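A short worksheet on the structure shown next.
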Amino acid sequence: MMKKVIAIVFLCGLMTVAIVQAMEKNTKQEQGVESIQTSKLPGLEVGLKAPDFELKNLAGDTVRLSDFKGQKIMLNFWATWCPPCKKEMPDMQKFYELTKNDVVILAVNIDPEADVEGFAKKMNVHFPILLDEKDKVSSMYKILTIPTTFFIDEEGIIQHKHLSAMTIEMMKEYSGF
């Protein structure tokens, strides 16, 4: 039963992403606009202050978003069962290796009951993974579909938001790297 619920949620998320992207494409074509109209995407809006939170990482240490004030942050929400999340993990690792002194990656896992540590080892990822055990942070950020990624500037303001898997080129563009 739980697998069916997860499958339905996942399919609804994919449909949401497809609809949003189709609407953005039409908006861009009509207006001749090059940039994504992120104000129409579900969830927290670009330009807002990113809400602070506190989560445990895989080692059990407490991590706060505010610990990284003054640094650029890529805040990614994902799950082990999510195919687009799996697809973007290798690019996230490459981006981490390229920018680890300039951009902090915080990957918030929303299914901590799964073997997240085993998944990270299998995918060979070494960036910080945080566990949202009670769905507090995903609720705070109004996550409706995964992966969802926020790019937060040094002042804690959300500068970009992206729904669905990203390439390393997109990560570079959104982070200004």
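The values are calculated or read from the model by the stated rules, or taken from the named source; none is laboratory data. The model shown is predicted, which means the values in this text are computed figures rather than measured ones. Positions of Cβ are backbone-derived with ideal geometry, glycine not excepted, and every protein chain shown enters the neighbour counts. Ligands, DNA and RNA are excluded from the accessible area calculation, which covers all protein heavy atoms including side chains. Shrake-Rupley method; radii C 1.70, N 1.55, O 1.52, S 1.80 Å.
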T145, T167, reordered so the largest accessible area comes first (probe 1.4 Å): T167, T145
Portion, in percent, of the accessible area of the range 37-177 that falls on carbon or sulfur, probe 1.4 Å: 49 percent
Order 110-123, 65-78 from most to least packed using the mean count of other Cβ atoms within 10 Å. 65-78, 110-123
For the range 76-128, what class follows from the C-alpha gyration tensor (a ≥ b ≥ c being the square roots of its eigenvalues): rounded when a/c is under 1.5, otherwise prolate if a/b is larger than b/c, else oblate? prolate
Amide H contacts of F53 (H built 1.01 Å from N, under 5 Å, at least 5 apart or other chain): L65, S66
Taking the full set of protein chains and a 1.4 angstrom probe, give the accessible area of V46 in square angstrom, rounded to the nearest 10. 50 Å²
Placing each pseudo-label 7 Å from Cα in the direction of the beta carbon, Q71 and D102 end up separated by a distance in nanometres of 1.5 nm
Kindly identify the range 119-177 as rounded, prolate or oblate by the Cα gyration tensor criterion: order the square roots of the eigenvalues as a ≥ b ≥ c, call it rounded if a/c is under 1.5, otherwise compare a/b with b/c, prolate if a/b is larger, else oblate. oblate
Starting from the 7 Å offset along Cα-to-Cβ, what nm value, one decimal, do you get for the label separation of K136 and D61? 2.0 nm
Could you tell me how far the Cα centroid of the range 126-177 sits from the Cα centroid of the range 41-75, in Å? 9 Å
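By its C-alpha gyration tensor, with a ≥ b ≥ c as the square roots of the eigenvalues, how is the range 46-177 shaped: rounded for a/c under 1.5, else prolate for a/b larger than b/c, else oblate? Show your work: numbers first, answer last.
Working: a/c = 1.35, a/b = 1.14, b/c = 1.19.
Rounded shape, in that the Cα axes give a/c under 1.5.
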Interchain or sequence-distant (5+) residues whose placed amide H lies within less than 5 Å of the amide H of V108 are N76, F77, W78, L130
